[in-house]
Every structure is written in structure tokens, then in C-alpha cells.
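The values are calculated or read from the model by the stated rules, or taken from the named source; none is laboratory data. Nothing here was measured: the structure is a model prediction, and the numbers come from that model. No Cβ is skipped: glycine too gets one built from the backbone with ideal geometry, and neighbour counts run over all protein chains shown.
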Amino acid sequence: MKNILFFATNNELPFKLIDQHLKQLYDFTLIRDIKNMVQYICKQPTDLCMIENSQDGIRLIQSLKLIDDTIPILLIANIDNKEDKARLFELNCTEYMFQPFLSRELVLRIENALNRIQTTRKLPQQTSVETITIGNSIIDFKNRTFQSPSGNHLLSHKENELLKILCVNKKHLITREQILMQIWKKNDSYSSKSMDVYITRIRKMLKEDELIILQNYYGSGYMLSELNTGHEWRKKQYATLDVD
């Protein structure tokens, strides 16, 4: 059963939201103090934080972002003003619920937050990786260069970091969310469009090496792999493979 921490200074709010059905689905722990909430999270594994919209709630969210910006947060608010809503969205919580709502909707929001956070966990740091040979190419992450059969390319900082993530996780699907959180530190439309630009640049460089494949899994992410140099027919087959 998923462990959900519920931070609320309003004594009535938890009893209004957490009905018997929700208690059967999740293990709720109610906490009313910021210090106790932070201490609990630092000591115990937590699947999701539900936080009411209050001054203390906002302070708590800001504190949690400093501790671990991958902690999933569902913000419960009762706001009609569009400007106030916009300020809440700037907190970059995992999910939002604006009252009034049905219990069924809350369950869906909780599940959505839990599912999203599984794909946004940070990838392992690979700071010790300096060079990698893949296909017929050499990538020097320290000096930010990509040496392909067609020549050398100087990599930008984001191109370098993006290639490092793909290379050290070769043959593994890396989600768009993981890349965004690792490099851009956020998952929004602007960052997503920026990532698409860098993916296009990297794809153009990788096409200079017929042994390297950057496969796009639509709506999920990317996988980098290389072909066996001893199989000429596979090289010819994948040289014309459209992976856009």
C-alpha cells in the first residue's frame, strides 16, 4: 500500500477528503507541523505528499524542493482567482486539485502523480565518465567533443550532458521526463521544446556514424544503441531506418 503524507493545518480538511474508500487504497499519515513533516520525509520512504494550500503549506513545498526536487507533491487548493492559481503553478508541484471535487477525481490525481514520479526520478550521476567509444565514434565529455567518421564536432554544454545520459544508459530506454529533470531541472512545455531542438542536433551528428542508432519511442523517450560491425546487412538496413 502506498504511503501518503498529508500536511494540513486545517483540522477539518483531512476528514472532508479522506473517506473510507481512500483509506482502503492508501496508507495516510496526517502531519500538522512543517518540522515534523521534513523530519519524517528524511527518515522514512514516502510515495506522495498531499499538502494544503496555506502559508505553511507553501513554505513546506519550498523546503521539500531543496531537500529533493523529485519528491511527488499533490497540492490541495480552493482558489477561483486566476492570478493566484498561476502563482501556485509556479511551485511546479506534481499534481494540483482545486476544490470542490469528487473523491473519484482525487484518486485519479493521486494515481497520476504516483505514475508520473516513477518516470522523473533522477538518473545516476556519471561525473566520472570522461570518454566513450560507440560505433566508429569517440565522445570526449571532458573536452566536449564528438569525433565521428566524418569529422569533429564541438558540443554545447547541454548536447554534452544529453549525449552522456544516452551513452552511459546505452540499450536502455531513457524517458523524456528523466532527461528534462536531469538537465533542465524542470518538466514544462518550454523545456520540452528546448530538448527537442537539442535532440535534433544530436541526431544529425549521430547520423554521420552508420553504426549508431538513436531510437525514438513516441511519447516515452529515447534509446541509444550500436550495431555489430561484423554484420554488413544490418548496417545497410539501419542506415535508412527512419527513427524520427
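A compact table of results
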| read-out | value |
| --- | --- |
| Residue within the range 20-30 that is more than 17 Å from Leu106 (Cα to Cα), surrounded by fewer than 15 Cβ atoms within 10 Å (Cβ to Cβ) and without any contact (Cβ under 8 Å) to a residue 12 or more places away in the chain present | no |
| Exclusive hit being without any contact (Cβ under 8 Å) to a residue 60 or more places away in the chain and surrounded by fewer than 17 Cβ atoms within 10 Å (Cβ to Cβ), set Ile79, Ile73 | Ile79 |
| Single condition Val38 does not satisfy, out of (1) under 22 Å from Leu17 (Cα atoms); (2) among the β-branched types (Val, Ile, Thr); (3) in a helix (DSSP H, G or I) | (1) |
| Exclusive hit being surrounded by 19 or more Cβ atoms within 10 Å (Cβ to Cβ) and farther than 18 Å from Asp209 by Cβ, set Ile139, Ile174 | Ile174 |
| Only one of Lys185, Lys207, Lys170 that is at pLDDT below 95 and at positive phi | Lys185 |
| Those residues of the range 181-216 which are assigned to a loop (DSSP other than H, G, I, E, B) and more than 21 Å from Pro72 (Cα to Cα), in sequence order | Lys207, Glu208, Asp209, Glu210, Leu211 |
| Selected residue (criterion: nearest to Asn112 (Cα to Cα)) from residues of the range 5-35 that are in a loop (DSSP other than H, G, I, E, B) and over 27 Å from the mean Cα position of the chain (by Cα) | Ile18 |
